[in-house]
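The values are calculated or read from the model by the stated rules, or taken from the named source; none is laboratory data. Just so it is clear, the model here is predicted, and its values are computed rather than measured. For neighbour counting, all protein chains shown are included, and Cβ atoms are generated from backbone atoms with ideal geometry for every residue, glycine included.
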Amino acid sequence: MKEDVLILAIESSCDETAASVVKNGREVLSNVIYSQIALHTLYGGVVPEIASRKHIEKINQVIEQALADANVTLKDITAIAVTYGPGLVGALLVGVSAAKAISFATGIPLIGVHHIEGHISANYIENKELEPPFVCLVASGGHSHLVVVKDYGEYGIIGRTRDDAAGEAFDKVARAIDLGYPGGPKIDKLAKEGNPNAIEFPRAKVGDNEYDFSFSGLKSAVLNYLNGCQMKGIPVNRADVAASFQKAVIDVLVEHSIHAVKAYGFKQFAIAGGVASNSSLRGAFEERCKKEGIAFYHPSPIFCTDNAAMIGAAGYYEYLRGVRSGYDLNAVPNLKLGER
């Protein structure tokens, strides 16, 4: 019987301070998240300096709580996995510094993990049967990527956003219709009260790459619609705007993703990232994948937003591949998937 691998994972790339203990890559023993959403809501979005300071306050508490919840000590830990990019440089540095300090003090091996790789690996936690190869859509506030997962730790990006990420567009449109921050969940909720076919917003295609995304034109179309209504004295039905905008985003994400799955000849598709918790997006993918005979996987909402359990899952497979990081590991805010 092989010995269990316990990964202590740390995530601090944006405004969640998180730590987790993950067993053998797929069993979460603890998952502690300190969210700063209430704090940043006051400013309408994440303020990097405030995020970094709050991470410093909370990082040790969160790590200690994760170990306690898992009923383990550092002596039981096989390796420490930490997000080192991409993300906010100050926020990343807090998690990386904590992980390096613990590794140095204990001799436990250190593994730097790519944040997007973590989001993709979140699918392994609850879907024990899922194994590469498959196509994964990573959609969040900072990323809209279509990724071919060739094997554990081996990725090929076939599509990406040319401008705004999907989650970023959600936040900007939510602000425009006075929903506030964070925009994604609020638009998802309000859209249920609206008519998704009330307003015809554009669906952008990128000429030189059929898998790339562009959402800035859609965002501009929504703003132009709102300005036009204001100038003409026409009342705005916010629920219709939310529903129509959301449908335009979902249509593009679904079309590009399913096209990629079929073109690459796969029978498995997964979604990940904060936008993956959108109920209408999940419903659209479930319906389309069922129609196309494609197995559809998605994490629970708690594993869609930033968390350390997903970093632990990714870290486990990096550990098995022999990946180890030195004490020169640094935060890399613009880290590309597949780079080391």
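A few points about this structure:
- Looking across the range 34-50, not a single residue is under 16 Å from V62 (Cβ atoms), in contact (Cβ under 8 Å) with a residue 60 or more places away in the chain and buried (at least 19 other Cβ atoms within 10 Å of the Cβ).
- Checklist (1) over 13 Å from the mean Cα position of the chain (by Cα); (2) modelled with pLDDT of 95 or more; (3) of a type outside the set (D, E) applied to K128, failing item: (2)
- In the range 63-96, the residues that are over 21 Å from N24 (Cα atoms) and crowded, with 19+ Cβ neighbours inside 10 Å: Y84, G85, P86, G87, L88, A91, L92, L93, V94, G95, V96
- Put simply, of D212, D188 the only residue that is in contact (Cβ under 8 Å) with a residue 12 or more places away in the chain, in contact with a strand residue (DSSP E or B) (Cβ under 6 Å, 6 or more places away or on another chain) and within 27 Å of N224 (Cα to Cα) is D212.
- Among helices (runs of 4 or more DSSP H) entirely within the range 114-202, having at least 2 residues that are under 16 Å from F245 (Cβ atoms) singles out 166-176, 183-191.
- Yes/no for E168 being under 15 Å from the mean Cα position of the chain (by Cα), more than 22 Å from C289 (Cβ to Cβ) and among the charged types (D, E, K, R): yes
- Positions within the range 203-248 being among the hydrophobic types (A, V, I, L, M, F, W, C), closer than 25 Å to L137 by Cα, in a loop (DSSP other than H, G, I, E, B) and in contact with a Gly (Cβ under 9 Å, 6 or more places away or on another chain), in sequence order: A204, V206
- Selection from the range 289-311 of residues that are buried (at least 18 other Cβ atoms within 10 Å of the Cβ) and acidic (D, E): D306
- Qualifying residue in the range 252-263 (condition: more than 22 Å from the chain's Cα centre (by Cα) and in the same structural domain as N209 (by TED's automatic domain parsing)): yes
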